[in-house]
Amino acid sequence: MKTARWLISLFALVVVAQIAGPASLIAKHELTLRHGTRWKFRTAPVDPYDAFRGRYVALGFSENKVPIAPGAKIEADMDAYAVLGTDTNGFARLDMLRKSPSSDKPFLKVHVTWADRGQASVELPFNRFFMEEHRAPAAEQAYQQSNRRDAAKPTYVVVRVRNGVGVIENLFIADKPISDYLREQGK
């Protein structure tokens with residue numbers, strides 16, 4: 001009898017642990033989307049399919065170089081914290097790279113791919129915008145054409161940032177959400 005109770009208790013603990021992991025990830029992203037600060041990141045062209053998560057628009061960012069804070073020992077292949085600022089057009093700018101989070105300024109946790117002479121190249125933590133399976137190819141095509149052709153039609157993502165976590169809210173082409181842009185283009 002004691003063995004059965006012990007097995008049931010162990011089973012319940014395993015079930016709770018399996019639910020708690022994914023639930024905490026979902027909660028972190030949802031809290032960021034609801035309460036995070038809104039930032040616009042300019043994008044640059046990139047290619048797109050994830051066997052497990054489906055179709056997406058592959059994003060590249062023009063803002064990926066950042067000066068390293070004086071005295072910070074930043075090296076390639078490490079995580080660091082980029083202090084965020086805004087340029088004159090309202091787009092996000094990476095002002096400075098630090099080894100620890102800023103206590104008084106908004107920041108984003110990034111991965112350093114290269115660092116030398118007070119400058120670093122970073123990967124932003126969001127580089128895929130997932131969409132419905134049948135609309136993603138048209139969105140990818142529109143995104144690629146917009147990034148190549150006409151700088152007057154800015155292509156960017158709006159990202160919510162909270163406690164260093166960044167979650168994409170939407171992709172914009174010509175200041176329109178991608179779904180509206182595709183609808184207007186008849187795609």
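The values are calculated or read from the model by the stated rules, or taken from the named source; none is laboratory data. Quick caveat: nothing in here was measured; it's all calculated off a predicted structure. Because the Cβ atoms are built from the backbone with ideal geometry, glycine has one as well, and the counts that use them run over all protein chains shown.
So the values come out like this:
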read-out	value
Residue list for the stretch 128-137, restricted to those being in a strand (DSSP E or B) and touching a helix residue (DSSP H, G or I) at 6+ places or on another chain (Cβ under 9 Å)	F129, F130
Residues of the stretch 74-105 satisfying the condition of being of a type in the set (A, V, I, L, M) and in a strand (DSSP E or B)	M78, A80, A82, V83, L84, A92, L94, M96, L97
G71, sole failed condition from (1) of a type in the set (G, A, S); (2) modelled with pLDDT of 95 or more; (3) not in a strand (DSSP E or B)	(2)
Within the stretch 1-44, tally of residues that are outside any helix (DSSP H, G or I) and within 29 Å of the chain's Cα centre (by Cα)	9
Selection count where residues are in a loop (DSSP other than H, G, I, E, B), exposed (fewer than 14 other Cβ atoms within 10 Å of the Cβ) and basic (K, R), scope the stretch 138-187	1
Test: residue in the stretch 106-127 that is more than 21 Å from K40 (Cα to Cα) and outside any strand (DSSP E or B)	yes
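The rows are residues; the columns are (1) under 18 Å from V159 (Cβ atoms); (2) modelled with pLDDT of 85 or more.
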| position | (1), (2) |
| --- | --- |
| L33 | yes, no |
| A44 | yes, no |
| D50 | no, no |
| Y56 | yes, no |
| V66 | yes, yes |
| Y81 | yes, yes |
| T86 | yes, yes |
